[in-house]
Amino acid sequence: MKSFIGGFFLFSLFLVGCRSTKVTNTQGTADSSLGTKEILSNHVHSFPTFETLVGTLDVSFDNGRKQQNLPLSFRMKKNETIWLSAPLGIAKALITKDKVRFYNKLDATYFEGDYSISQQYLGVSFTFEMLQNLLMGQLILKSRHTEIEPDHEKYKGKLSAEHFEVAFELNSKFRMETTELLQESENRSLQASYTYQSLDDQLFPLIISLLARQEEKVTKLTLQFNNLQKNTPVRFPYNVPTGYQPLTLNL
């Protein structure tokens with residue numbers, strides 16, 4: 001079944017005993033003198049500065065019928081590559097600006113495709129930049145028709161883009177706190193909320209909680225980043241074993 005939930009979690013799961021990491025307090029007071037343009041500019045400039053990022057990504061998945069927890073090794077080169085590996089290399093994913101690739105040793109299958117599949121399964125033209133923004137706590141969609149205003153401790157905004165209505169809240173540090181993408185015509189939505197950790201005086205996501213709905217179906221996904229390190233040398237080994245069969249997606 002071609003579904004919004006299935007399509008979205010294709011990207012999230014293959015992006016995307018846990019060690020405790022301290023949540024950084026991002027509470028404060030919003031600057032009531034700022035308008036939409038200034039707030040958006042501050043949000044864009046709040047994107048963490050790094051060339052490479054490595055760590056672990058603990059994934060929890062629950063769709064009401066199946067629950068799964070999976071630790072992944074995570075490596076990233078900003079604006080270029082995201083690499084993930086399950087324990088013992090059972091599954092790997094390599095996501096670049098042009099391609100999405102992954103293989104699974106459990107069923108000897110692999111997938112390789114471009115981002116055009118996102119239009120088919122999500123109804124939106126997904127890009128590497130959007131995926132990176134989702135992982136780093138930035139606005140996923142952009143629009144000239146964006147409205148943001150200070151509201152006590154937060155900045156509340158809304159926009160329309162790619163057939164979605166988007167509502168979001170930034171914290172006092174201009175980092176994404178919550179966002180909701182709503183497509184009423186298809187009776188589907190995606191909600192995301194963030195907590196943050198401090199690394200070299202910058203805010204990186206600690207926990208991303210995702211909730212996708214399509215009609216009566218609800219899927220939950222939690223991503224927790226641990227042991228993050230910036231600007232270390234990274235490699236992205238990826239080689240599909242001989243004899244694996246191409247995977248035909250039927251989400």
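Every number in this text was worked out from the coordinates using simple rules, so none of it is lab data. These figures come from a predicted structure and were not determined experimentally. Neighbour counts are summed over all protein chains in view; Cβ atoms, including those assigned to glycine, are modelled from backbone coordinates with ideal geometry.
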Which of 75, 175, 144 comes first, and how do the rest follow, when ranked by fewest Cβ neighbours within 10 Å? 144, 75, 175
Over 25 Å between Cα atoms: which of 66/156; 97/158; 66/105; 158/220; 99/217 fall into that group? 66/156; 97/158; 99/217
Using the crude model of +1 on Lys and Arg Cβ and -1 on Asp and Glu Cβ, and no other charge, please compute the dipole size for segment 166-251 relative to its Cα centre, in debye to 20. 340 debye
Residue by residue through segment 84-90, what is 3J(HN,Hα) from phi via Karplus (6.51 cos²θ - 1.76 cosθ + 1.60, θ = phi - 60°)? Round to whole Hz and write x for glycine and proline. 9, 9, 6, x, 6, x, 4
Simple Cβ-charge dipole of segment 34-133, Lys/Arg +1 and Asp/Glu -1, about Cα centre, in debye nearest 20: 180 debye
Net charge near residue 240: determine it from the other residues with C-beta under 12 Å of the C-beta of residue 240, scoring Lys and Arg +1 and Asp and Glu -1. +2
I'd like to know which of 241, 168, 202 lies farthest towards the positive end of the charge dipole of segment 135-251, counting +1 on Cβ of Lys and Arg and -1 on Cβ of Asp and Glu. 241
Out of the GluC sites (Glu not before Pro) in segment 185-251, which ones are loop residues according to DSSP with at most 12 other C-beta atoms within 10 Å? 215, 216
Find how many whole Å separate the alpha carbon centroid of segment 28-90 from the alpha carbon centroid of segment 218-232. 6 Å
Most exposed first, judged by fewest Cβ atoms within 10 angstrom, 53, 40 run 40, 53
